[in-house]
Amino acid sequence: MTGARRSRRRWLAAAGIAAAGVAAALWLSRPRPLPATVLPAHAADPRRGEVLYRVGSCHACHRAAPGEVGEATGAPVGTAPFPTPFGTFYPGNLTPAPETGLGRWRAIDFVNAMARGLAPDGRHYFPAFPYTSYRAMPVEDLLDLWAYLGTLEPIEVGRRRAQVPLLPLARRGVGLWKRLALGPVALERDPARGEAWNRGAYLALAPGHCGECHTPRDALMRLDPTRSLAGGAHPAGEGRVPSLRGLAARGRYRDAADLALALRYGEELGFDKLSSGGMAKIQVELSHLPDAELEALAEYLMSLEPL
Amino acid sequence: MRTLRLVCLATLLVSLPFAFAALAADGDAGDPITERQEAMKKVGDSMKALSGIARGEAPFDAEVVRRNATTIAESFERAAELFPAGSDKGAHETWAKAEIWANRADFEAKLQAGHDAAVALQSVTEEAAYRPALGKVGQACRACHDSYRRPKE
């Protein structure tokens, strides 16, 4: 065998391995949307949907850019830039506007966005959109939320493309990451606890996505389930996020009623540590919740023991 | 003669701690980061007293309200100078965000809003008007901390 032939073979082998790698990556990162058959027969309730919209803080990210249409009315037109370590996103218009909003989406498209992090055309959304938590919501709740969004006034806005280097390739990378990092959803009821506590746990961990900031992450950027809500590095690099465990033991709040009051009013009533690092926008959204929902959330949080 | 010496010595001994205190205060005054954090802590203490009334932990007392609202208003009056250019870093840890110096006009507008809300609160004498007026002050705190303060943990 001559040297030239050997190097040609080696080159072919390397190309073969690379092609197999690309094929495997493409296969592993392919979108896996839910079929429309997962949609149950469900009389969607937009009022329950509004509760999920508020506790989910959709508007905190999907708000209008300063001085642009929708800012004054609080419509979730999604033109405000959302900076992340990957680049800047424009979350998108959640009103039922046909051209630039969700007006032409079907219910299953919305379910796939929230439960699978997938666009109607199969693109992977970045986890800057916290579908990583929202996917723990039952389909019925997603349909209620979808019904609520359908009641909003349609507002057309200019759409802006995310400023992320190598965006299409990066979206494929997100697909691979989902394969590695997103296991089955683990959010179980605790039968030993009451109705309100279980409701609070659900609100905090699924639609409320409190863990996206308050739970530390592992090497794969997954929330660490053994340290749920124990505080950690801020996802956008703004210092540290406080723990929500042992709030009573640390004297932060007297009882659940006190915490509910803090979440309702925040600094308006002189409660500190509820304004920086994105918490202000969350607290303002939570302030719209009905008393019973806020009290359930507070009851769950106050029950968390320090680790 | 001896009494004079004793008096001198006593004066010296008594005044020494004051002299040191003055020196120490002078040393701190050179650092805008500690100064503004002290100012904000004072504002925070006043806010605690005020929110105690709103939460029903203390009775409504127009004089207590006026005094604490004045402390807040006066602190905000001179707070802008405690954020000189370049003080996003320093010998002391700071939670002020660099955006303050990129958006100076907006930062000062938010400071002004806090000042104006505190001034409006000073003259509240009716309990019914108290809670909304306090809320306006709190909204000003929240708006600025949302944009310009990092969480401290």
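Values computed for the structure shown
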| item | result |
| --- | --- |
| Enumeration of residues in region B:122-138 that are within 17 Å of the chain's Cα centre (by Cα) and facing chain A (nearest Cβ under 8 Å) | B:LEU134, B:GLY138 |
| The listed residue being closer than 23 Å to B:HIS92 by Cβ, more than 11 Å from chain A (Cβ to nearest Cβ) and of a type outside the set (A, V, I, L, M), out of B:THR34, B:THR70 | B:THR34 |
| All positions within region A:84-94 that are crowded, with 18+ Cβ neighbours inside 10 Å and not in a loop (DSSP other than H, G, I, E, B) | A:PHE89 |
| Matching residues in region A:241-292 - criterion: being more than 8 Å from chain B (Cβ to nearest Cβ), in contact with a Phe, Trp or Tyr (Cβ under 8 Å, 6 or more places away or on another chain) and part of a helix (DSSP H, G or I) | A:LEU259, A:ALA262 |
| Helices (runs of 4 or more DSSP H) wholly inside region A:1-64 that include at least 1 residues being over 19 Å from A:ARG135 (Cβ atoms) and touching a Pro at 6+ places or on another chain (Cβ under 6 Å) | A:58-61 |
| Count of region A:211-231 residues which are within 14 Å of chain B (Cβ to nearest Cβ) and either assigned to a helix (DSSP H, G or I) or at negative phi (or both) | 4 |
| Those residues of region A:231-249 which are farther than 15 Å from A:TYR300 by Cβ and either in contact (Cβ under 8 Å) with a residue 12 or more places away in the chain or touching a Lys or Arg at 6+ places or on another chain (Cβ under 6 Å) (or both), in sequence order | A:GLY231, A:GLY232, A:ALA233, A:HIS234, A:PRO235, A:ALA236, A:GLY237, A:GLU238, A:GLY239, A:VAL241, A:PRO242, A:ALA249 |
| From the options A:ALA296, A:ALA219, residue that is small (Gly, Ala, Ser) and either touching a strand residue (DSSP E or B) at 6+ places or on another chain (Cβ under 8 Å) or surrounded by 21 or more Cβ atoms within 10 Å (Cβ to Cβ) (or both) | A:ALA296 |
| Filter pass, A:LEU26 being among the hydrophobic types (A, V, I, L, M, F, W, C), touching a helix residue (DSSP H, G or I) at 6+ places or on another chain (Cβ under 8 Å), under 26 Å from A:LEU118 (Cα atoms) and at pLDDT 95 or above | no |
| Residue count for region B:53-65, restricted to those that are surrounded by 15 or more Cβ atoms within 10 Å (Cβ to Cβ) and either at positive phi or in a helix (DSSP H, G or I) (or both) | 4 |
| Breaking point among (1) touching a residue at least 60 places away in the same chain (Cβ under 8 Å); (2) under 27 Å from A:HIS124 (Cβ atoms), for A:GLU50 | (2) |
| Residue identified as under 30 Å from A:GLU140 (Cβ atoms) and surrounded by 10 or more Cβ atoms within 10 Å (Cβ to Cβ) among A:ALA36, A:ALA20, A:ALA14 | A:ALA36 |
| Odd one out for B:LYS152 among (1) at pLDDT 95 or above; (2) touching a Ser or Thr at 6+ places or on another chain (Cβ under 9 Å) | (1) |
| Matching option when the condition is surrounded by 15 or more Cβ atoms within 10 Å (Cβ to Cβ) and within 18 Å of the chain's Cα centre (by Cα), among A:VAL185, A:VAL164, A:VAL174 | A:VAL174 |
| 2 or more residues free of Cβ contacts under 8 Å to residues at least 12 places away in the same chain and either under 21 Å from A:ARG30 (Cβ atoms) or among the polar types (S, T, N, Q) (or both): qualifying helices (runs of 4 or more DSSP H) within region A:95-164 | none |
| Residues within region A:69-83 that are part of a loop (DSSP other than H, G, I, E, B), touching a residue at least 24 places away in the same chain (Cβ under 8 Å) and in contact with a helix residue (DSSP H, G or I) (Cβ under 9 Å, 6 or more places away or on another chain), tallied | 3 |
| Neighbours by Cβ (under 6 Å, 6+ apart or cross-chain): first from region B:93-114, without any contact (Cβ under 8 Å) to a residue 40 or more places away in the chain; second surrounded by 16 or more Cβ atoms within 10 Å (Cβ to Cβ) and assigned to a helix (DSSP H, G or I) | B:LYS110/B:ALA143; B:LYS110/B:CYS144; B:LEU111/B:PHE76; B:ALA113/B:ALA140 |
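Quick grid of which residues meet (1) more than 30 Å from A:CYS61 (Cα to Cα); (2) in the same structural domain as B:ALA49 (by TED's automatic domain parsing); (3) modelled with pLDDT under 95:
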{"site": "B:ASP88", "(1), (2), (3)": "no, yes, yes"}
{"site": "B:GLN112", "(1), (2), (3)": "no, yes, no"}
{"site": "B:ALA120", "(1), (2), (3)": "yes, yes, no"}
{"site": "B:TYR130", "(1), (2), (3)": "yes, yes, no"}
{"site": "B:VAL137", "(1), (2), (3)": "no, yes, no"}
{"site": "B:CYS144", "(1), (2), (3)": "no, yes, no"}
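The values are calculated or read from the model by the stated rules, or taken from the named source; none is laboratory data. Since we're looking at a predicted model, the values are computed, not measured. Neighbour counts are summed over all protein chains in view; Cβ atoms, including those assigned to glycine, are modelled from backbone coordinates with ideal geometry.
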